[in-house]
């Protein structure tokens with residue numbers, strides 16, 4: 001293995017990306033404008049390895065607020081062209097600008113009257129001549145020692161696609177919350193979308209007892225609910241305190257008589273609570289900072305509606 005070769009490839013590809021900066025011109029700006037104002041979808045078409053890069057660009061656009069699909073150039077002339085409407089913007093990717101299957105689409109796209117953008121290294125190619133806008137991703141040399149396999153060219157294309165997507169994020173004022181909406185299964189989505197109400201224990205899944213209950217009966221309620229504490233309410237069903245394992249241990253140190261005491265005599269009064277509409281991620285941060293395991297959950301009027309347990313938050317993947 002030649003480490004010298006590995007370093008050389010990285011240097012070539014880094015130089016290729018840096019050289020793209022001078023190619024950010026009026027066509028690039030107009031391309032961003034076209035995609036931002038597109039009433040349909042941004043359709044990305046390509047073949048081979050540049051097609052794979054096109055798939056990535058399309059996926060990035062979709063996940064950052066710009067509806068997009070990938071269309072294989074060869075499949076397009078066998079029916080997939082039916083996906084394209086005049087409201088769409090079509091990005092055609094070809095390193096040389098002469099890829100037969102991609103160039104073949106040009107007259108058909110002209111008939112559809114959609115806007116076309118070429119991403120190519122061949123600025124004098126057939127693709128460049130017949131597209132409405134041209135983004136130059138030409139490179140001086142490939143990283144391949146044979147000069148055959150596309151390496152620097154695909155890296156440059158990938159980077160330019162990211163530059164387009166980043167500008168669209170700014171243009172559309174796309175926020176972290178928007179990103180989370182499109183990625184509900186990811187950790188960011190969970191942190192920005194899940195609320196306390198989504199995760200909290202409700203009904204019989206948490207212990208809720210009267211303030212007059214004896215501790216021994218409260219312990220039975222905790223066991224039946226399979227949780228680590230009991231929320232205490234008064235005759236008016238107002239939340240007044242919480243009885244935890246810690247409360248029990250502290251009073252047992254004095255004597256076993258705690259078991260026959262009323263729970264309101266030994267509970268933690270006026271404990272920290274959280275509203276059901278707060279983000280679950282906020283609740284997790286509170287539990288971590290305060291070093292507690294449970295938070296009683298209350299509604300806007302302060303009525304007890306549930307219990308949030310740190311284990312449930314961990315199961316939901318809220319830990320960073």
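The values are calculated or read from the model by the stated rules, or taken from the named source; none is laboratory data. Please read all numbers here as calculations on a predicted model, not as lab measurements. Glycine also receives a Cβ, built like all others from the backbone with ideal geometry; neighbour counts cover every protein chain displayed.
Annotations
- Within segment 222-233, being assigned to a loop (DSSP other than H, G, I, E, B) and closer than 17 Å to residue 272 by Cα holds for one residue alone: 228.
- For beta carbons closer than 8 Å, sequence separation of 6+ or different chains, a first residue in segment 1-25 that is under 20 Å from residue 133 (Cα atoms) and a second that is in a helix (DSSP H, G or I), the qualifying pairs are 19/156; 20/156; 20/159; 20/160; 20/163; 23/160; 24/163.
- Checking each residue in segment 14-37 for being closer than 17 Å to residue 136 by Cβ, touching a helix residue (DSSP H, G or I) at 6+ places or on another chain (Cβ under 9 Å) and in a helix (DSSP H, G or I) picks out 15, 16, 17, 19, 20, 23, 28, 29, 31, 32.
- Selection within segment 81-126 - surrounded by 24 or more Cβ atoms within 10 Å (Cβ to Cβ) and part of a helix (DSSP H, G or I): 102
- Hey, residue 245 under 13 Å from residue 200 (Cα atoms) and exposed (fewer than 15 other Cβ atoms within 10 Å of the Cβ) or not: no
- Residue identified as in the same structural domain as residue 290 (by TED's automatic domain parsing) and modelled with pLDDT under 85 among 257, 241: 257
- Selection over segment 269-285 of residues that are crowded, with 16+ Cβ neighbours inside 10 Å and either in a helix (DSSP H, G or I) or outside the structural domain of residue 240 (by TED's automatic domain parsing) (or both) gives a count of 4.
- Extreme residue, modelled with the lowest pLDDT, among residues of segment 286-318 that are surrounded by 18 or more Cβ atoms within 10 Å (Cβ to Cβ) and outside any strand (DSSP E or B): 318
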